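To start, the structure under review is shown below, and the notes come after it.
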Amino acid sequence: MIKDNLHEINSKLPSDVTLVAVSKFHPVERLMEAYNAGQRVFAESRPQELAAKVPQMPADVQWHFIGHLQTNKLKLVLPYVSLVQSVDSLHLLQAISAWAVAHNKVIDVLLELHLGAEETKQGFTEDEILSLCHSERSEESIRIRGLMGMASHTEDRAQVEGEFARIEALYKRIKASGMEDFDTLSIGMSGDWPLAVQHGATMVRIGTDIFGPREY
Ligand SMILES: *Cc1c(COP(=O)(O)O)cnc(C)c1O
């Protein structure tokens, strides 16, 4: 049961870590089960699916976007989300900024660090993130709130731990430099979130452990 799964996770999760329910590929009825059990933060990874679900869910849901975002899909995503976790290129960052200026909004984002061993994973390098965070940016339309990372999908605990340690160190380094509003480290999914919490996660993104296997 979704309610029991949420209860189980919440009982183990430190109270200052935000639980993001990853609801991609699950029908709205399942999301409502989580909502009725008290869950308010949900994340989707496909623009169309997000835009379709938003009007079917209560207005106090906070939506995050966690998938690869093409710049021609911004209008399906940015009006609805409180956080874009998956900013993985300068091109995307600039497009979000331009949209925010045009709509007189401020958009909160996380920069995605390329973390896992898989070639296909999106994201910035550490150097790119450091230079983005330390560049003098005049525009107020984007707030870089922190970092997001996805560890390798592997049973090798030492490898995952090494990847989390790497993003944790980068996060702490930027935070120590005094960057404003930089307060979010989003690491940890169904298989590895307890390890992520040990490595300073302030936000975990959990799908399967809440909703079970994805349905379509
Ligand atoms: C799907 C997804 C998750 C959740 O994965 P689970 O293994 O189902 O918990 C977390 N983060 C991102 C970026 C995802 O795409």
*Between Arg145, Arg173, Arg205, find the one with the highest GNM mean-square fluctuation for the chain; connect C-alpha pairs within less than 10 Å.*
Arg173
_Low-density loop positions, GluC sites (Glu not before Pro), the range 128-186 - DSSP coil, at most 16 other Cβ in 10 Å_ = Glu136, Glu139, Glu140, Glu155, Glu180
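If each DSSP helix of 4+ residues adds -39,500 (n - 2.57) and the sum is divided by the residues in the chain, what number results at 222 nm, nearest 500 deg cm²/dmol?
Helix-only estimate at 222 nm: -11000 deg cm²/dmol.
In the neighborhood of Ala43, defined by Cβ-to-Cβ distances under 9 Å, what is the net charge if each Lys or Arg adds +1 and each Asp or Glu adds -1?
+1
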_For Val22, residues with placed amide H under 5 Å, excluding near neighbours_ = Ala43, Ile206, Gly207
*With every protein chain in place, what's the accessible area of Asp156 (1.4 Å probe, Å², nearest 10)?*
70
*Highest GNM mean-square fluctuation, the chain, Cα pairs closer than 10 Å: which of Phe25, Phe164, Phe65?*
Phe25
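With the contact rule set at Cα under 8 Å and sequence spacing of 6 or more, what percent relative contact order holds for the range 32-106?
On the way: 76 pairs, mean separation 20.7, N = 75.
The normalised contact order for the range 32-106 reaches 28 percent.
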*Taking the radius of gyration and the Kirkwood hydrodynamic radius from Cα positions alone, what is the Rg/Rh ratio for the chain, to two decimal places?*
0.95
_HN-Hα J in Hz across the range 3-14 - Karplus 6.51, -1.76, 1.60, θ = phi - 60°, x for Gly and Pro_ = 4, 5, 4, 5, 4, 4, 5, 4, 6, 9, 7, x
*Most mobile of Arg166, Arg40, Arg157 per a Gaussian network model of the chain (Cα springs, under 10 Å)?*
Arg157
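Rg to Rh ratio, the range 1-100, alpha-carbon atoms and Kirkwood radius?
That ratio equals 1.00.
Using Cα pairs closer than 8 Å and at least 6 residues apart in sequence, work out the relative contact order for the range 115-216, in percent. Don't skip to the end; give the middle numbers.
On the way: 114 pairs, mean separation 24.7, N = 102.
Reported as a whole number, the value is 24 percent.
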*Would you please classify the overall shape of the range 109-216 from the alpha carbon gyration tensor, given that a ≥ b ≥ c denote the square roots of the eigenvalues, rounded means a/c under 1.5, and beyond that prolate means a/b larger than b/c while oblate covers the rest?*
prolate
*With a/c under 1.5 counting as rounded, go ahead and sort the range 44-152 into rounded, prolate or oblate using the C-alpha gyration tensor (a ≥ b ≥ c being the square roots of the eigenvalues; past the cut-off, prolate if a/b is larger than b/c, else oblate).*
oblate
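Excluding Phe211 itself, what net charge comes from residues whose Cβ is under 15 Å from its Cβ, given Lys and Arg +1 and Asp and Glu -1? Numbers along the way, then the final one.
Values: positive: Lys3, Lys24, Arg30, Lys53, Arg205, Arg214; negative: Asp4, Glu8, Glu29, Glu33, Glu44, Glu49, Asp209, Glu215.
Once all neighbours under 15 Å are counted, the net charge is -2.
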_Met32, Met1, reordered so the largest accessible area comes first (probe 1.4 Å)_ = Met1, Met32
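The values are calculated or read from the model by the stated rules, or taken from the named source; none is laboratory data. Every value quoted in this text rests on a predicted model; they were computed, and no experiment measured them. Quick reminder, even Gly has a Cβ in these numbers, built from the backbone with ideal geometry, and neighbours come from all protein chains shown. Areas reflect the complete protein model, heavy atoms only, side chains present, ligands, DNA and RNA absent. Shrake-Rupley method; radii C 1.70, N 1.55, O 1.52, S 1.80 Å.
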